[in-house]
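One structure follows; several queries about it will come next.
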Amino acid sequence: MGSENVSFALAENRRAWRQTVSQAYFALDVEPRDKERFRGSMHRWRLGNVELSRIHCDGLIYRRHDRHLLNETESSLLIAIPEDETINFVQGDRRSTCKPGGFLVERSDAPYEYWHTERNRQWVLKVPTAHVRARLGRAERLGGLAFDAGSGIASFFVSSLHMTINHLEVIDEAARGAAGTHLVELLCLAIMDDQRVLTSNLSSVRAAHLSRAETFIRDHLKDPDLSPGMVAEGCGISLRYLQRLFHESDQSIQGYIRERRLSRCNEELRSLQSSRTISDIAYDWGFTDQAQFSKYYRARFGRTASETRREAMTAPREH
């Protein structure tokens with residue numbers, strides 16, 4: 001079973017390795033520390049809508065430039081988990097290091113530099129940004145965050161990842177898809193558990209209130225009666241104050257709720273593990289009016305829900 005579900009690449013020069021990582025993740029420039037003697041290998045597995053890879057390569061620098069972003073329509077987050085050497089990362093104003101035993105979040109929708117000086121083994125989880133945004137809201141605040149996985153939910157996430165890795169050869173496609181979804185859920189819980197994720201352009205008190213409101217919305221997203229008033233009451237703040245919090249983060253409460261619901265519907269429509277009807281999926285995520293759901297879905301994703309499901313069913317599978 002394992003040979004059907006894993007791809008392997010071996011590179012012995014800069015050009016071959018650039019092609020390998022660009023195919024696995026997105027367009028990147030690569031600069032090996034030793035340009036004359038470079039070795040790198042990569043194994044890749046698909047876990048439903050999530051991709052897992054294992055890299056073993058010599059010291060190098062990856063660079064993501066503005067020109068790499070021009071023609072891309074979908075963004076991803078890479079979760080890098082080093083095993084041997086510390087990795088270094090710069091994205092925007094954030095400069096981070098991540099030692100073995102932790103993990104680092106990289107955003108594909110902004111330039112960055114990523115490097116390690118010696119030969120290193122790493123696990124990398126590639127997650128569609130939309131999946132994280134559906135659970136956490138804005139993903140822009142995540143780029144460059146390094147997490148210590150020595151304890152708490154972060155430790156549980158990394159342990160679960162390794163448990164999944166140990167069973168990849170003996171579980172079928174449906175189980176791998178379920179494992180991928182489970183890892184995304186744990187990743188988001190680990191991220192939420194970190195105070196740095198609070199919105200930085202608000203005061204600490206306002207940021208805490210906004211984070212509490214986002215958590216309340218996430219926990220009640222399937223409730224068709226979820227409303228701004230219900231969120232305000234659940235968080236113990238006034239509706240006017242809640243509206244101001246979301247206005248300061250450039251969105252409305254109702255728009256935020258609708259975006260989260262649409263993203264979760266889209267995620268399930270793209271999943272080969274789901275056999276539910278489109279109307280059942282929409283209803284389960286709080287859309288009681290099918291016509292309204294169809295209108296919002298097409299406006300958000302530029303296609304109908306039926307087209308999304310058909311595309312997912314007929315897309316060539318990467319192994």
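If you check every pair at least six apart or on different chains, which have Cβ atoms under 8 Å apart with a residue in the range 56-74 that is loosely packed, with under 15 Cβ neighbours inside 10 Å first and a residue that is part of a helix (DSSP H, G or I) second?
E74/T129; E74/A130
Taking the residues in the range 83-113 that are crowded, with 22+ Cβ neighbours inside 10 Å and aromatic (F, W, Y) as candidates, determine which candidate is farthest from Q254 (Cα to Cα).
F89
Now a separate question. What do you reckon, is S279 more than 19 Å from the chain's Cα centre (by Cα), closer than 24 Å to E74 by Cα and not in a loop (DSSP other than H, G, I, E, B)? Spell out how you get there, then give the answer.
Numbers: more than 19 Å from the chain's Cα centre (by Cα): yes; closer than 24 Å to E74 by Cα: no; not in a loop (DSSP other than H, G, I, E, B): yes.
It is false that S279 is more than 19 Å from the chain's Cα centre (by Cα), closer than 24 Å to E74 by Cα and not in a loop (DSSP other than H, G, I, E, B).
Run down D289, D223, D250 and say which single residue is farther than 25 Å from I191 by Cα and not hydroxyl-bearing (S, T, Y).
D289
Another question, then. Collect the residues in the range 88-121 that are farther than 16 Å from L186 by Cα, assigned to a strand (DSSP E or B) and among the small types (G, A, S), keeping them in residue-number order. Can you show your working first?
At the first step, the residues of the range 88-121 found to be farther than 16 Å from L186 by Cα are 88-101, 106-121.
Still in the running and assigned to a strand (DSSP E or B): 88-91, 94-98, 106-107, 112-116, 120-121.
Matches in the range 88-121: S96 only.
Still on this structure, I have one more. Let me spell it out: the conditions are (1) within 26 Å of E268 (Cα to Cα); (2) under 19 Å from the mean Cα position of the chain (by Cα), and C98 meets all of them except one. Which number is the exception?
(1)
On the given criteria, is L210 more than 27 Å from T73 (Cβ to Cβ), surrounded by 20 or more Cβ atoms within 10 Å (Cβ to Cβ), touching a Ser or Thr at 6+ places or on another chain (Cβ under 7 Å) and not acidic (D, E)?
So L210 fits the description; yes.
Continuing with the same structure: Pairs under 7 Å by beta carbon, first residue touching a residue at least 40 places away in the same chain (Cβ under 8 Å) and basic (K, R) in the range 264-287, partner surrounded by fewer than 21 Cβ atoms within 10 Å (Cβ to Cβ) and not in a loop (DSSP other than H, G, I, E, B), six or more apart or different chains?
From the range 264-287, the pairs are R270/T308; R270/A312.
Within the bounds of the range 254-271, is there any residue that is in a loop (DSSP other than H, G, I, E, B) and surrounded by 13 or more Cβ atoms within 10 Å (Cβ to Cβ)?
Within the range 254-271, one or more residues are in a loop (DSSP other than H, G, I, E, B) and surrounded by 13 or more Cβ atoms within 10 Å (Cβ to Cβ).
Then there's this: Among the numbered criteria (1) free of Cβ contacts under 8 Å to residues at least 40 places away in the same chain; (2) within 22 Å of S263 (Cβ to Cβ), which one does R141 miss?
It is condition (1) that R141 fails.
Against the condition part of a helix (DSSP H, G or I) and free of Cβ contacts under 8 Å to residues at least 12 places away in the same chain, how does E233 come out, does it pass? Walk me through how you get there before you give the answer.
Working: part of a helix (DSSP H, G or I): yes; free of Cβ contacts under 8 Å to residues at least 12 places away in the same chain: yes.
Criteria met by E233.
Also: From the list G152, G177, G144, exactly one residue is in contact with a strand residue (DSSP E or B) (Cβ under 9 Å, 6 or more places away or on another chain), at positive phi and surrounded by 14 or more Cβ atoms within 10 Å (Cβ to Cβ). Which is it?
That would be G144, the only listed residue that is in contact with a strand residue (DSSP E or B) (Cβ under 9 Å, 6 or more places away or on another chain), at positive phi and surrounded by 14 or more Cβ atoms within 10 Å (Cβ to Cβ).
Rule-based calculations on the coordinates, nothing more; no lab input. Owing to the predicted nature of the structure, the values given are computational and were not obtained by experimental measurement. Neighbour counts run over all protein chains shown; Cβ positions are idealised from the backbone, glycine included.
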